[in-house]
Amino acid sequence: MSYEPRVVDGELRKRLLAMGAIVIEGPKACGKTETARRIAKSEVLLDVDLNAQQMMAVDPSLVLEGEAPRLIDEWQVEPSIWNHVRRMVDKRHQPGQFILTGSAVPSDDATRHTGAGRFTRLRMRPMTLFETGHTNGAISLKAVFDGEIPRSADPGLSVKDLAERVTMGGWPALQSYTLSAATLAVRDYIEEIRRVDVGRVANTRRDPSKVGRLLRALARNTATYASVATLAADTGGAEGPIDIHTAHDYIDALERLMIIENQPAWSPHLRSKSALRKAAKRHFIDPSIAVAALGARSDQLLNDLNLFGFLFESLVVRDLRVYTQDLDARVLQYRDNTGLEVDAIIETADGKWGAFEIKLGQGLIETAAENLKRFVNRVDTHKSGQPVILAVVVGSGYGYVRDDGIAVIPIGALKP
(Lines give C-alpha, C1' and ligand atoms only; values in the text may rest on other atoms or scores of the structure.)
Protein backbone atom coordinates (compact mmCIF):
# COMPACT_ATOMS: atom_id res chain seq x y z
CA MET A 1 0.00 0.00 0.00
CA SER A 2 1.43 3.37 -1.02
CA TYR A 3 1.85 6.17 1.50
CA GLU A 4 -0.69 8.97 1.21
CA PRO A 5 0.73 12.36 2.30
CA ARG A 6 -0.53 13.59 5.66
CA VAL A 7 -1.14 17.12 6.89
CA VAL A 8 1.29 16.51 9.78
CA ASP A 9 4.17 15.68 7.43
CA GLY A 10 5.21 19.31 7.12
CA GLU A 11 4.74 19.97 10.82
CA LEU A 12 6.98 17.00 11.67
CA ARG A 13 9.75 18.28 9.40
CA LYS A 14 9.57 21.76 10.93
CA ARG A 15 9.71 20.49 14.49
CA LEU A 16 12.68 18.23 13.79
CA LEU A 17 14.63 21.36 12.88
CA ALA A 18 13.83 22.93 16.24
CA MET A 19 13.85 20.21 18.91
CA GLY A 20 15.96 17.22 19.86
CA ALA A 21 13.04 14.77 20.10
CA ILE A 22 9.52 14.68 18.70
CA VAL A 23 6.74 12.67 20.35
CA ILE A 24 4.00 11.71 17.89
CA GLU A 25 0.89 10.76 19.84
CA GLY A 26 -2.33 9.31 18.53
CA PRO A 27 -4.59 6.26 18.61
CA LYS A 28 -3.27 3.00 17.24
CA ALA A 29 -3.71 2.51 13.49
CA CYS A 30 -3.88 6.24 12.69
CA GLY A 31 -0.59 6.05 10.75
CA LYS A 32 2.03 7.31 13.22
CA THR A 33 4.69 4.73 12.42
CA GLU A 34 4.45 5.07 8.63
CA THR A 35 4.52 8.86 8.87
CA ALA A 36 7.61 8.73 11.09
CA ARG A 37 9.29 6.22 8.77
CA ARG A 38 9.07 8.71 5.91
CA ILE A 39 11.71 10.83 7.60
CA ALA A 40 13.47 8.51 10.11
CA LYS A 41 16.89 7.09 9.17
CA SER A 42 16.80 4.18 11.65
CA GLU A 43 14.23 2.56 13.92
CA VAL A 44 13.48 0.25 16.82
CA LEU A 45 10.00 -1.21 17.37
CA LEU A 46 9.71 -1.64 21.12
CA ASP A 47 6.37 -3.44 21.10
CA VAL A 48 7.67 -6.35 18.99
CA ASP A 49 11.46 -6.28 19.36
CA LEU A 50 12.13 -8.57 22.34
CA ASN A 51 15.88 -8.05 22.06
CA ALA A 52 15.41 -4.31 22.43
CA GLN A 53 13.15 -4.83 25.45
CA GLN A 54 15.78 -7.01 27.09
CA MET A 55 18.52 -4.53 26.23
CA MET A 56 16.59 -1.83 28.11
CA ALA A 57 17.41 -3.71 31.32
CA VAL A 58 21.08 -4.11 30.44
CA ASP A 59 22.27 -1.05 28.49
CA PRO A 60 19.49 1.29 27.28
CA SER A 61 21.99 3.47 25.38
CA LEU A 62 22.38 0.67 22.80
CA VAL A 63 18.68 0.96 21.93
CA LEU A 64 19.26 4.61 21.06
CA GLU A 65 22.19 3.95 18.72
CA GLY A 66 21.42 4.46 15.06
CA GLU A 67 21.37 7.15 12.41
CA ALA A 68 19.27 10.20 13.31
CA PRO A 69 16.43 10.80 13.28
CA ARG A 70 15.92 7.47 15.04
CA LEU A 71 12.36 6.21 15.36
CA ILE A 72 11.44 4.61 18.70
CA ASP A 73 8.04 3.09 18.03
CA GLU A 74 5.53 2.45 20.85
CA TRP A 75 7.92 3.96 23.38
CA GLN A 76 5.34 3.68 26.19
CA VAL A 77 6.05 -0.08 26.30
CA GLU A 78 9.32 0.88 28.03
CA PRO A 79 8.55 4.27 29.65
CA SER A 80 12.01 4.49 31.22
CA ILE A 81 13.44 5.16 27.76
CA TRP A 82 12.10 8.72 28.07
CA ASN A 83 14.87 9.80 30.43
CA HIS A 84 17.54 8.04 28.37
CA VAL A 85 16.39 9.92 25.27
CA ARG A 86 16.47 13.17 27.25
CA ARG A 87 20.03 12.56 28.35
CA MET A 88 21.13 11.70 24.82
CA VAL A 89 19.53 14.87 23.47
CA ASP A 90 21.40 16.88 26.11
CA LYS A 91 24.64 15.11 25.23
CA ARG A 92 24.43 15.64 21.46
CA HIS A 93 23.13 19.24 21.53
CA GLN A 94 21.53 18.85 18.09
CA PRO A 95 17.92 18.97 16.86
CA GLY A 96 16.18 16.13 15.07
CA GLN A 97 17.67 13.22 17.02
CA PHE A 98 14.66 11.07 17.89
CA ILE A 99 11.05 10.47 16.90
CA LEU A 100 9.00 8.69 19.57
CA THR A 101 5.59 7.30 18.63
CA GLY A 102 2.96 6.06 21.06
CA SER A 103 -0.67 4.96 21.04
CA ALA A 104 -1.17 5.22 24.80
CA VAL A 105 -0.12 7.66 27.50
CA PRO A 106 1.95 5.97 30.25
CA SER A 107 0.39 6.14 33.68
CA ASP A 108 3.56 7.18 35.50
CA ASP A 109 4.09 10.83 34.63
CA ALA A 110 7.12 10.91 36.94
CA THR A 111 9.16 9.31 34.15
CA ARG A 112 8.36 12.23 31.85
CA HIS A 113 8.64 15.41 33.88
CA THR A 114 12.06 16.37 32.52
CA GLY A 115 11.07 16.74 28.86
CA ALA A 116 10.84 20.54 28.76
CA GLY A 117 13.21 22.01 26.20
CA ARG A 118 14.07 18.60 24.74
CA PHE A 119 10.75 17.17 23.54
CA THR A 120 7.88 18.56 21.53
CA ARG A 121 4.56 16.78 21.09
CA LEU A 122 2.71 16.34 17.82
CA ARG A 123 -0.83 14.98 17.89
CA MET A 124 -1.84 12.71 15.02
CA ARG A 125 -5.38 11.68 14.19
CA PRO A 126 -7.07 9.50 11.56
CA MET A 127 -7.10 10.85 8.01
CA THR A 128 -9.30 13.77 7.01
CA LEU A 129 -11.50 13.90 3.91
CA PHE A 130 -8.77 15.99 2.28
CA GLU A 131 -6.15 13.34 2.99
CA THR A 132 -8.33 10.47 1.73
CA GLY A 133 -9.05 12.36 -1.51
CA HIS A 134 -12.70 13.17 -0.81
CA THR A 135 -12.47 16.96 -1.07
CA ASN A 136 -11.78 19.23 -4.03
CA GLY A 137 -9.63 21.49 -1.81
CA ALA A 138 -11.16 24.71 -3.13
CA ILE A 139 -11.36 26.39 0.29
CA SER A 140 -8.26 26.64 2.46
CA LEU A 141 -8.91 27.18 6.17
CA LYS A 142 -5.56 28.95 6.48
CA ALA A 143 -6.43 31.25 3.59
CA VAL A 144 -9.82 32.01 5.15
CA PHE A 145 -8.09 33.05 8.37
CA ASP A 146 -5.80 35.24 6.26
CA GLY A 147 -8.85 37.03 4.83
CA GLU A 148 -9.65 35.09 1.65
CA ILE A 149 -13.34 34.83 0.73
CA PRO A 150 -14.46 31.17 0.68
CA ARG A 151 -16.01 30.03 -2.59
CA SER A 152 -16.22 26.68 -4.35
CA ALA A 153 -18.21 24.61 -6.78
CA ASP A 154 -20.29 21.78 -5.40
CA PRO A 155 -17.72 19.06 -4.55
CA GLY A 156 -20.31 16.40 -5.30
CA LEU A 157 -20.41 14.53 -1.98
CA SER A 158 -23.85 13.02 -1.48
CA VAL A 159 -25.46 12.17 1.84
CA LYS A 160 -24.82 8.52 1.01
CA ASP A 161 -21.13 9.30 0.41
CA LEU A 162 -20.89 11.03 3.77
CA ALA A 163 -22.57 8.12 5.55
CA GLU A 164 -19.93 5.83 4.05
CA ARG A 165 -17.07 8.13 5.09
CA VAL A 166 -18.43 8.33 8.64
CA THR A 167 -18.69 4.54 8.79
CA MET A 168 -15.29 3.75 7.23
CA GLY A 169 -13.47 6.50 9.07
CA GLY A 170 -10.02 7.90 8.40
CA TRP A 171 -7.96 4.79 9.21
CA PRO A 172 -5.15 4.63 6.61
CA ALA A 173 -5.06 0.83 6.27
CA LEU A 174 -8.80 0.67 5.55
CA GLN A 175 -8.95 3.16 2.69
CA SER A 176 -8.49 0.43 0.06
CA TYR A 177 -11.06 -1.86 1.71
CA THR A 178 -14.63 -2.32 0.60
CA LEU A 179 -17.14 -0.58 2.83
CA SER A 180 -18.37 -3.85 4.34
CA ALA A 181 -14.80 -5.02 5.08
CA ALA A 182 -13.90 -1.67 6.63
CA THR A 183 -17.04 -1.78 8.78
CA LEU A 184 -16.01 -5.15 10.17
CA ALA A 185 -12.43 -3.99 10.69
CA VAL A 186 -13.50 -1.02 12.82
CA ARG A 187 -15.71 -3.32 14.89
CA ASP A 188 -12.70 -5.57 15.45
CA TYR A 189 -10.71 -2.48 16.42
CA ILE A 190 -13.08 -1.56 19.25
CA GLU A 191 -13.39 -5.20 20.25
CA GLU A 192 -9.65 -5.18 20.92
CA ILE A 193 -10.05 -1.94 22.88
CA ARG A 194 -12.73 -3.31 25.17
CA ARG A 195 -11.17 -6.75 25.68
CA VAL A 196 -7.47 -5.88 25.95
CA ASP A 197 -6.38 -2.27 25.64
CA VAL A 198 -8.41 -0.64 28.42
CA GLY A 199 -7.17 -3.17 30.98
CA ARG A 200 -3.60 -2.88 29.68
CA VAL A 201 -3.30 0.88 30.12
CA ALA A 202 -5.07 0.72 33.49
CA ASN A 203 -2.71 -2.04 34.68
CA THR A 204 -5.68 -3.90 36.11
CA ARG A 205 -8.52 -6.05 34.84
CA ARG A 206 -11.51 -4.19 33.46
CA ASP A 207 -14.87 -5.78 32.71
CA PRO A 208 -14.99 -5.98 28.88
CA SER A 209 -18.78 -6.07 28.84
CA LYS A 210 -19.00 -2.85 30.83
CA VAL A 211 -16.38 -1.22 28.63
CA GLY A 212 -18.43 -2.21 25.59
CA ARG A 213 -21.60 -0.76 27.11
CA LEU A 214 -19.74 2.46 27.95
CA LEU A 215 -18.50 2.70 24.35
CA ARG A 216 -22.11 2.38 23.18
CA ALA A 217 -23.20 5.02 25.68
CA LEU A 218 -20.50 7.36 24.41
CA ALA A 219 -21.59 6.59 20.83
CA ARG A 220 -25.20 7.48 21.60
CA ASN A 221 -23.97 10.75 23.11
CA THR A 222 -21.48 11.74 20.42
CA ALA A 223 -21.18 15.53 20.02
CA THR A 224 -23.23 16.18 23.18
CA TYR A 225 -22.48 17.40 26.70
CA ALA A 226 -23.50 14.16 28.42
CA SER A 227 -22.23 14.02 32.00
CA VAL A 228 -20.34 11.07 33.45
CA ALA A 229 -23.40 10.38 35.61
CA THR A 230 -25.52 10.14 32.45
CA LEU A 231 -23.00 7.81 30.83
CA ALA A 232 -22.84 5.67 33.98
CA ALA A 233 -26.64 5.30 33.96
CA ASP A 234 -26.68 4.52 30.24
CA THR A 235 -23.90 1.96 30.69
CA GLY A 236 -25.65 0.19 33.54
CA GLY A 237 -28.94 -0.16 31.71
CA ALA A 238 -31.72 -2.13 33.44
CA GLU A 239 -29.33 -3.16 36.22
CA GLY A 240 -28.93 0.46 37.30
CA PRO A 241 -25.97 2.81 36.85
CA ILE A 242 -22.45 1.49 37.12
CA ASP A 243 -20.38 3.04 39.89
CA ILE A 244 -19.47 6.57 38.84
CA HIS A 245 -15.85 6.05 39.90
CA THR A 246 -15.73 3.02 37.60
CA ALA A 247 -17.12 5.13 34.77
CA HIS A 248 -14.44 7.76 35.41
CA ASP A 249 -11.75 5.06 35.37
CA TYR A 250 -12.97 3.63 32.05
CA ILE A 251 -13.19 7.09 30.48
CA ASP A 252 -9.71 7.92 31.73
CA ALA A 253 -8.37 4.74 30.10
CA LEU A 254 -10.07 5.61 26.79
CA GLU A 255 -8.57 9.10 26.94
CA ARG A 256 -5.11 7.65 27.59
CA LEU A 257 -5.61 5.38 24.56
CA MET A 258 -6.54 8.57 22.66
CA ILE A 259 -9.84 7.01 21.57
CA ILE A 260 -11.72 9.95 23.11
CA GLU A 261 -10.80 13.54 22.34
CA ASN A 262 -13.31 15.90 23.87
CA GLN A 263 -13.88 19.46 22.67
CA PRO A 264 -13.22 22.11 25.35
CA ALA A 265 -15.35 25.20 25.92
CA TRP A 266 -14.41 28.65 24.64
CA SER A 267 -14.43 31.48 27.16
CA PRO A 268 -14.87 34.82 25.38
CA HIS A 269 -15.64 38.16 26.94
CA LEU A 270 -19.42 38.67 26.82
CA ARG A 271 -21.36 41.91 26.65
CA SER A 272 -24.49 40.19 28.00
CA LYS A 273 -25.17 38.68 31.43
CA SER A 274 -25.25 35.17 30.00
CA ALA A 275 -23.24 32.67 32.02
CA LEU A 276 -20.81 30.45 30.17
CA ARG A 277 -20.96 26.68 30.52
CA LYS A 278 -17.55 25.02 30.89
CA ALA A 279 -18.47 21.41 30.04
CA ALA A 280 -16.60 19.79 27.15
CA LYS A 281 -18.43 18.23 24.23
CA ARG A 282 -17.84 14.50 23.82
CA HIS A 283 -16.24 13.05 20.68
CA PHE A 284 -14.45 9.92 19.63
CA ILE A 285 -11.19 10.53 17.77
CA ASP A 286 -13.04 9.28 14.67
CA PRO A 287 -16.80 8.95 14.11
CA SER A 288 -16.39 5.42 12.76
CA ILE A 289 -15.78 4.25 16.33
CA ALA A 290 -19.25 5.44 17.31
CA VAL A 291 -20.83 3.68 14.32
CA ALA A 292 -18.98 0.46 15.18
CA ALA A 293 -19.86 0.69 18.89
CA LEU A 294 -23.54 0.89 17.93
CA GLY A 295 -23.21 -2.04 15.52
CA ALA A 296 -24.59 0.16 12.75
CA ARG A 297 -24.08 0.21 8.98
CA SER A 298 -23.83 3.23 6.71
CA ASP A 299 -27.25 2.60 5.14
CA GLN A 300 -28.84 2.57 8.59
CA LEU A 301 -27.53 6.09 9.26
CA LEU A 302 -29.68 7.33 6.39
CA ASN A 303 -32.73 6.19 8.34
CA ASP A 304 -31.66 8.06 11.50
CA LEU A 305 -30.73 11.56 10.38
CA ASN A 306 -30.66 12.85 13.96
CA LEU A 307 -27.83 10.44 14.89
CA PHE A 308 -26.21 10.96 11.50
CA GLY A 309 -26.16 14.71 12.12
CA PHE A 310 -24.20 14.28 15.35
CA LEU A 311 -21.78 11.87 13.66
CA PHE A 312 -21.30 14.34 10.80
CA GLU A 313 -20.50 17.04 13.35
CA SER A 314 -17.89 14.73 14.88
CA LEU A 315 -16.34 14.12 11.45
CA VAL A 316 -16.10 17.86 10.77
CA VAL A 317 -14.53 18.49 14.20
CA ARG A 318 -11.99 15.74 13.47
CA ASP A 319 -11.03 17.40 10.19
CA LEU A 320 -10.92 20.91 11.68
CA ARG A 321 -8.56 19.69 14.40
CA VAL A 322 -6.12 18.42 11.79
CA TYR A 323 -6.44 21.49 9.57
CA THR A 324 -5.85 23.91 12.44
CA GLN A 325 -2.55 22.41 13.60
CA ASP A 326 -0.62 24.47 11.07
CA LEU A 327 -2.54 27.56 12.26
CA ASP A 328 -1.37 26.96 15.84
CA ALA A 329 -5.03 26.97 16.79
CA ARG A 330 -7.53 25.06 18.92
CA VAL A 331 -11.01 23.80 18.07
CA LEU A 332 -13.37 24.76 20.89
CA GLN A 333 -17.15 25.14 21.32
CA TYR A 334 -19.55 27.56 23.01
CA ARG A 335 -22.58 27.10 25.23
CA ASP A 336 -24.22 29.43 27.73
CA ASN A 337 -26.97 29.20 30.30
CA THR A 338 -29.64 30.34 27.84
CA GLY A 339 -29.09 27.25 25.70
CA LEU A 340 -27.27 29.09 22.92
CA GLU A 341 -24.60 26.83 21.42
CA VAL A 342 -22.04 27.10 18.63
CA ASP A 343 -20.62 23.84 17.32
CA ALA A 344 -17.01 24.92 16.73
CA ILE A 345 -14.88 27.93 17.61
CA ILE A 346 -11.41 28.08 16.10
CA GLU A 347 -9.06 30.27 18.12
CA THR A 348 -5.45 30.87 17.07
CA ALA A 349 -2.55 31.51 19.42
CA ASP A 350 -2.41 35.16 18.31
CA GLY A 351 -6.07 35.76 19.19
CA LYS A 352 -7.87 35.39 15.86
CA TRP A 353 -11.12 33.46 16.03
CA GLY A 354 -13.96 32.21 13.90
CA ALA A 355 -17.27 30.51 14.66
CA PHE A 356 -18.75 27.56 12.77
CA GLU A 357 -22.10 25.85 12.88
CA ILE A 358 -22.09 22.30 11.49
CA LYS A 359 -25.20 21.07 9.69
CA LEU A 360 -25.61 17.98 7.54
CA GLY A 361 -28.48 19.33 5.44
CA GLN A 362 -28.89 22.45 3.32
CA GLY A 363 -32.29 23.06 4.87
CA LEU A 364 -30.69 24.03 8.19
CA ILE A 365 -28.41 26.78 6.83
CA GLU A 366 -30.81 29.63 7.62
CA THR A 367 -31.37 28.51 11.21
CA ALA A 368 -27.63 28.05 11.71
CA ALA A 369 -26.86 31.51 10.28
CA GLU A 370 -29.34 33.17 12.62
CA ASN A 371 -27.79 31.29 15.53
CA LEU A 372 -24.34 32.63 14.61
CA LYS A 373 -25.66 36.20 14.47
CA ARG A 374 -27.25 35.88 17.90
CA PHE A 375 -24.01 34.46 19.23
CA VAL A 376 -21.71 37.17 17.88
CA ASN A 377 -24.01 39.84 19.33
CA ARG A 378 -23.27 38.41 22.79
CA VAL A 379 -19.50 38.51 22.38
CA ASP A 380 -17.74 41.66 23.51
CA THR A 381 -15.74 42.13 20.32
CA HIS A 382 -13.89 45.14 21.80
CA LYS A 383 -12.19 42.68 24.17
CA SER A 384 -12.31 39.42 22.20
CA GLY A 385 -11.82 40.95 18.75
CA GLN A 386 -13.98 40.68 15.66
CA PRO A 387 -14.43 37.17 14.23
CA VAL A 388 -12.36 36.38 11.16
CA ILE A 389 -15.26 34.34 9.82
CA LEU A 390 -18.75 33.17 10.71
CA ALA A 391 -19.64 30.08 8.69
CA VAL A 392 -21.98 27.13 8.35
CA VAL A 393 -20.18 23.91 7.40
CA VAL A 394 -22.53 21.68 5.41
CA GLY A 395 -22.44 18.26 3.85
CA SER A 396 -22.97 19.29 0.24
CA GLY A 397 -23.62 22.18 -2.09
CA TYR A 398 -21.68 25.28 -3.14
CA GLY A 399 -19.30 27.37 -1.09
CA TYR A 400 -20.19 31.07 -0.94
CA VAL A 401 -20.80 34.07 1.32
CA ARG A 402 -24.39 35.11 1.95
CA ASP A 403 -25.62 38.70 1.81
CA ASP A 404 -25.50 38.85 5.61
CA GLY A 405 -21.80 37.94 5.61
CA ILE A 406 -22.26 34.36 6.83
CA ALA A 407 -20.18 31.90 4.78
CA VAL A 408 -21.45 28.50 3.66
CA ILE A 409 -18.65 25.91 3.36
CA PRO A 410 -19.22 22.36 2.11
CA ILE A 411 -16.96 19.94 3.99
CA GLY A 412 -16.00 18.42 0.63
CA ALA A 413 -14.30 21.68 -0.37
CA LEU A 414 -12.25 22.24 2.77
CA LYS A 415 -8.50 21.77 3.14
CA PRO A 416 -5.82 23.03 5.58
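The values are calculated or read from the model by the stated rules, or taken from the named source; none is laboratory data. Just so it is clear, the structure is predicted and the values come from calculations on it, not from any experiment. All Cβ positions, glycine included, derive from the backbone under ideal geometry; neighbour counts span all protein chains shown. Ligands, DNA and RNA are stripped out before the accessible areas are found, and what is left, the full protein with its side chains, is counted by its heavy atoms. Shrake-Rupley method; radii C 1.70, N 1.55, O 1.52, S 1.80 Å.
The table below lists the values:
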item: Verdict on Thr222 being under 25 Å from Met124 (Cα atoms), assigned to a loop (DSSP other than H, G, I, E, B) and in contact with a His (Cβ under 9 Å, 6 or more places away or on another chain); result: yes
item: Residue check, Thr120 β-branched (Val, Ile, Thr), free of Cβ contacts under 8 Å to residues at least 60 places away in the same chain and either on the phi < 0 side of the Ramachandran plot or open to solvent by less than 50 Å² (accessible area, probe 1.4 Å) (or both); result: no
item: Subset of segment 7-34 (residues that are in a loop (DSSP other than H, G, I, E, B), under 18 Å from the mean Cα position of the chain (by Cα) and over 23 Å from Arg256 (Cβ atoms)); result: Val7
item: Top-ranked residue of segment 320-348 - restricted to ones that are within 23 Å of Lys14 (Cα to Cα) and modelled with pLDDT under 95, ranked as nearest to the chain's Cα centre (by Cα); result: Gln325
item: Candidate set from segment 325-364 (those that are in contact with a helix residue (DSSP H, G or I) (Cβ under 7 Å, 6 or more places away or on another chain) and closer than 18 Å to Arg123 by Cβ); member that is surrounded by the most Cβ atoms within 10 Å (Cβ to Cβ); result: Ile346
item: Those residues of segment 261-284 which are of a type outside the set (Lys, Arg), within 13 Å of the chain's Cα centre (by Cα) and open to solvent by 20 Å² or more (accessible area, probe 1.4 Å), in sequence order; result: Glu261, Asn262, Pro264
item: Per-region count, segment 35-46, residues of a type in the set (Lys, Arg) and not in a helix (DSSP H, G or I); result: 2
item: Segment 383-416, subset over 13 Å from Ala138 (Cβ atoms) and touching a His at 6+ places or on another chain (Cβ under 9 Å), residue least open to solvent (accessible area, probe 1.4 Å); result: Ser384
item: Only one of Ser107, Ser152 that is among the hydroxyl-bearing types (Ser, Thr, Tyr), surrounded by fewer than 22 Cβ atoms within 10 Å (Cβ to Cβ) and at pLDDT 95 or above; result: Ser152
item: Residue match in segment 175-182 (condition: under 13 Å from Ala290 (Cα atoms), in a helix (DSSP H, G or I) and open to solvent by less than 50 Å² (accessible area, probe 1.4 Å)); result: no
